[in-house]
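Data first, discussion second: the structure below is written as structure tokens.
The values are calculated or read from the model by the stated rules, or taken from the named source; none is laboratory data. No experiment lies behind these values; they were computed from the predicted model shown. Here the Cβ is made from the backbone with ideal geometry for all residues, glycine too, and neighbour counts use every protein chain on show. Areas reflect the complete protein model, heavy atoms only, side chains present, ligands, DNA and RNA absent. Shrake-Rupley method; radii C 1.70, N 1.55, O 1.52, S 1.80 Å.
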Amino acid sequence: MSAWVLPDHIADVLPSEARHIEELRRQLLDTARGYGCELVMPPLLEHLESLLTGTGEALDLQTFKLVDQLSGRMMGLRADTTPQVARIDAHLLNRSGVARLCYCGPVLHTRPDRPHATREPLQFGAEIYGHAGLEADLEVLLLALDCLKATQVAWLTVDLADARIVRSLFAGVPVEAQALRDVHAALAAKDASSLARLTRDFPAASREGLAALVTLYGDETVLAEARRVLPPSPAIAQALDQLAWIGRHLEGAAITYDLADLRGYAYYSGIRFGIYTPGASDALVRGGRYDEVGAVFGRNRPAAGFSLDVKELVGVVAKRPLKAAIRAPWGEQPQLRAAIARLRAEGETVVCVLPGHESEVDEFHCDRELVAQHGQWAVRPL
């Protein structure tokens, strides 16, 4: 095998795509800043016990591990940034009020999380800590939608769910961890026959409620049907009321509900959402409420947020034209160097043609050139 062949699901990003990714990254961060989010930059690697504290088996399996040559301790390359941001909120900022934080950086996965996905996503996210009310859930969802709109993603569909519904149906049911994972998988796949087999020994109310979840997806009529077929429970009633409230406050996107959607179930504690668009193989954005995420760091603060992969996002938005550039000759004359410096200071891209390369392809598609006219350097159209 050639030494320069990259590992599976790892790829170089070449100039055109890299430029597009960087433009999207800047727009996403600017949009988050418009909501009052402060940028944080957690490290790419941490001691393993800190990185995986409280995150569960799924993230453990997705995390690359290595030995620190300085300390001999095990370290991990982050597979998700949210636990790190929760640590920052709990131990470094330590604020008593609301903290709005955002981030954008690479994460690494031991396996791609879906077909054709990269193992090195560029994860952007935003989170609100310190407010338990629905206002925070709505704000992170509106921010996620505004981020996608800012990057010119069209035809958005928001799919809503709530982790409390499934938790309520499991209340008081003794079940082993592996059996619980199997039930979650059957629900996510809407596999009614496997679900019936796995829950045959459950109490009738739990068994029938879980079976009903398989069919509870679609438009807002799903919420009314859920009230009719799910067992009476204050937690379920509250979850359905809050889903309806969130749905009423969303504009500019189609709204659907899928009460059996359990992807990331162990992560979320309340309302959760996915945002979809044609052309993407899965949700572009996933987010929701995860109040327990900071508990392992000693501060169980309310938390809600979302994340997306900028590399995936670049595949579903239209390519943007290059900014018009100016072609200039290479030279040592002080006037020429001053003219080039002035144009660059004004925000122009000036590409100097190095000696002997005058006939090469213009990668920047220059539409103007810097020429000497009447003893002055001036820009003229090509």
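Key figures
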{"item": "Segment residue 58-residue 324, length gained on full extension (0.36 nm per residue, minus Cα span)", "result": "91.1 nm"}
{"item": "19 Å cut-off, amide nitrogen to a point 7 angstrom out along residue 349 Cα→Cβ, residues in region 19-49", "result": "19-28"}
{"item": "Cα-based Rg of region 157-276 normalised by 2.2 N^0.38 Å, two decimals", "result": "1.01"}
{"item": "Region 232-291 - percent of accessible surface contributed by carbon and sulfur, probe 1.4 Å", "result": "56 percent"}
{"item": "Part-to-part distance (alpha-carbon centres) for region 88-105 and region 201-275, which is given in Å", "result": "30 Å"}
{"item": "With Cα atoms, 0 to 90° folded angle of helix 334-345 axis to the chain main axis", "result": "20 degrees"}
{"item": "Linear extension gain, residue 167 paired with residue 251, 0.36 nm per residue minus alpha-carbon span", "result": "27.3 nm"}
{"item": "Residue 364 accessible area, 1.4 Å probe, all protein chains in place, Å² to nearest 10", "result": "90 Å²"}
{"item": "Net charge of Cβ neighbours under 14 Å - reference residue 351; Lys, Arg +1; Asp, Glu -1", "result": "-3"}
{"item": "Helix-only mean residue ellipticity at 222 nm for the chain, each DSSP H run of n ≥ 4 adding -39500 (n - 2.57), per residue, nearest 500", "result": "-10000 deg cm²/dmol"}
{"item": "Solvent accessible area, Å² - residue 311, 1.4 Å probe, full protein context", "result": "50 Å²"}
{"item": "Residues residue 227 and residue 365, FRET efficiency given R0 of 45 Å [Cβ-Cβ distance, rounded to 0.05]", "result": "0.15"}
{"item": "Column: log10 I(q)/I(0), Debye, Cα scatterers of the chain, q = 0.10, 0.11 Å⁻¹", "result": "-0.76, -0.88"}
{"item": "Taking the chain and dividing mean pair separation by its residue count, relative contact order in percent (alpha carbons under 8 Å, at least six apart)", "result": "17 percent"}
{"item": "Positive dipole terminus of region 157-276, leading residue within 186, 242, 157 (C-beta point charges)", "result": "186"}
{"item": "Accessible area in square angstrom per residue, the chain, 1.4 angstrom probe", "result": "52 Å²"}
{"item": "Cα-based reach from residue 319 at 28 Å (exclusive), listing lysines while leaving out same-chain residues under 8 positions away", "result": "149, 311"}
{"item": "Gain upon complete extension [residue 49, residue 201; 0.36 nm per residue less C-alpha separation]", "result": "51.0 nm"}
{"item": "Lys/Arg +1, Asp/Glu -1 at C-beta; the chain dipole; positive extreme among 72, 85, 212", "result": "85"}
{"item": "Partners for residue 190 among aspartates and glutamates (Cα-Cα distance below 18 Å; same-chain residues under 8 apart left out)", "result": "159, 162, 182, 208, 219, 225, 258, 261, 282"}
{"item": "Estimated dipole of region 56-118 in Debye, rounded to 20 [Cβ of Lys and Arg +1, of Asp and Glu -1, Cα centre]", "result": "140 debye"}
{"item": "Charge tally in the Cβ shell below 14 Å around residue 171, where Lys, Arg are +1 and Asp, Glu are -1, residue 171 excluded", "result": "+3"}
{"item": "Positive dipole terminus of region 325-381, leading residue within 326, 354, 373 (C-beta point charges)", "result": "373"}
